[in-house]
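Below is one structure, written out as structure tokens; comments come after it.
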Ligand code: NAP
């Protein structure tokens with residue numbers, strides 16, 4: 001029986017793990033991917049983490065993991081399928097290859113983050129990996145000197161367009177409205193890129209190509225006109241979906257699937273806590289995920305104390 005099982009090894013999970021070790025808990029981190037760090041691994045430059053301006057995301061993820069390793073955190077690669085809530089303890093069921101294994105713990109922190117949303121247009125599925133990508137920093141180099149498009153108007157889309165502008169001959173940013181959701185500082189940087197053209201009030205209706213992306217069929221909403229845009233690649237950045245499907249039967253979620261919890265990470269299920277992008281919150285960033293991990297473990301400590309210390313649980 002562990003004191004705490006943490007599900008997920010992004011910034012929230014790793015921060016929770018370090019705090020858990022410092023609190024003296026027997027802790028295990030279950031991670032789906034053998035590489036810790038979560039979304040941060042796919043980020044080119046993280047410019048808003050206090051004290052580390054411009055740090056490469058991959059390097060940051062590796063440093064977070066190194067810190068957890070040095071604290072003595074134990075990791076296991078396993079895909080969690082459900083939590084069974086037995087009241088005073090929880091069983092976390094996970095697939096290790098083809099075998100299911102159960103891990104018992106007095107408390108659980110869910111730190112499974114969120115994944116990219118799909119555009120859900122014809123051609124997207126068939127051409128994924130053949131010019132359709134969800135990660136500019138991972139795949140951008142394949143489009144050196146070529147024409148690309150980015151779809152979306154949030155921080156990720158604008159960051160992707162700025163990143164691609166350094167590599168590609170031309171970048172179109174296709175946004176369904178006439179103003180961007182992205183932070184002002186990113187918008188200003190975007191406007192300074194001479195090879196980026198923003199297509200306002202426009203949506204992608206189809207991604208076209210035989211075996212490889214060749215063009216996009218876009219609709220100009222104000223004119224209600226269809227247009228073909230020749231591009232070699234398209235980067236889709238239309239938001240996130242929380243990775244909470246496996247937990248919706250044990251914790252209350254909002255209509256988008258985010259686990260309902262405040263800054264303390266306390267969910268509707270006593271003994272089950274949430275940290276990072278998977279919870280309802282205003283701002284999903286590395287710095288807030290890291291602080292969530294610390295807060296959730298502080299709540300775990302309070303929860304244990306309410307049971308008159310660990311031995312009475
Ligand atoms: P986001 O902020 O939710 O933006 C998604 C964008 O995609 C919006 O502009 C939205 O349009 C558009 N969109 C959604 N569905 C669409 C569809 N079906 N067709 C066309 N466009 C669609 O998501 P995000 O950019 O992935 O960012 C996720 C979170 O991570 C945010 O909280 C963001 O602040 C954070 N983040 C922070 C940093 C940083 O701190 N440096 C970097 C990256 C991300 P509308 O605007 O019309 O809704």
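The values are calculated or read from the model by the stated rules, or taken from the named source; none is laboratory data. A quick note: this is a predicted structure, and the numbers were derived from the prediction, not measured. No Cβ is skipped: glycine too gets one built from the backbone with ideal geometry, and neighbour counts run over all protein chains shown.
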### Task
Would you check if there is a residue in segment 190-209 being within 13 Å of the ligand (Cβ to nearest atom) and under 30 Å from residue 247 (Cβ atoms)?
no
### Message
Looking at segment 95-107, can you tell me whether even one residue there is outside any strand (DSSP E or B), over 24 Å from the mean Cα position of the chain (by Cα) and surrounded by 13 or more Cβ atoms within 10 Å (Cβ to Cβ)?
### Response
no
### Task
May I ask you to verify whether residue 289 is crowded, with 22+ Cβ neighbours inside 10 Å and within 16 Å of the ligand (Cβ to nearest atom)?
yes
### Query
Within segment 163-182, which residues are surrounded by fewer than 23 Cβ atoms within 10 Å (Cβ to Cβ), away from the ligand (no atom under 11 Å from the Cβ) and closer than 25 Å to residue 286 by Cα?
163, 165, 166
### Task
Among the residues of segment 59-76, write down those that are under 19 Å from the mean Cα position of the chain (by Cα) and buried (at least 17 other Cβ atoms within 10 Å of the Cβ).
60, 61, 64, 65
### Query
Can you name every residue in segment 123-147 that is part of a loop (DSSP other than H, G, I, E, B), more than 11 Å from the ligand (Cβ to nearest atom) and closer than 16 Å to residue 231 by Cα?
123, 129, 130, 131, 144, 145, 146
### Message
Just checking, does segment 225-243 include any residue being under 30 Å from residue 104 (Cβ atoms), in contact with a helix residue (DSSP H, G or I) (Cβ under 9 Å, 6 or more places away or on another chain), within 16 Å of the ligand (Cβ to nearest atom) and modelled with pLDDT of 95 or more?
### Response
yes
### Message
Among the residues in segment 257-266, are any in contact with a strand residue (DSSP E or B) (Cβ under 8 Å, 6 or more places away or on another chain), closer than 19 Å to residue 3 by Cβ and surrounded by 18 or more Cβ atoms within 10 Å (Cβ to Cβ)?
### Response
yes
### Task
Test residue 150 against the criterion of being part of a strand (DSSP E or B), within 16 Å of the ligand (Cβ to nearest atom), under 22 Å from the mean Cα position of the chain (by Cα) and surrounded by 14 or more Cβ atoms within 10 Å (Cβ to Cβ), and give yes or no.
yes
### Query
So, of the residues in segment 110-122 that are surrounded by fewer than 15 Cβ atoms within 10 Å (Cβ to Cβ) and more than 20 Å from residue 40 (Cα to Cα), which turns out to be nearest to the ligand (Cβ to nearest atom)?
120
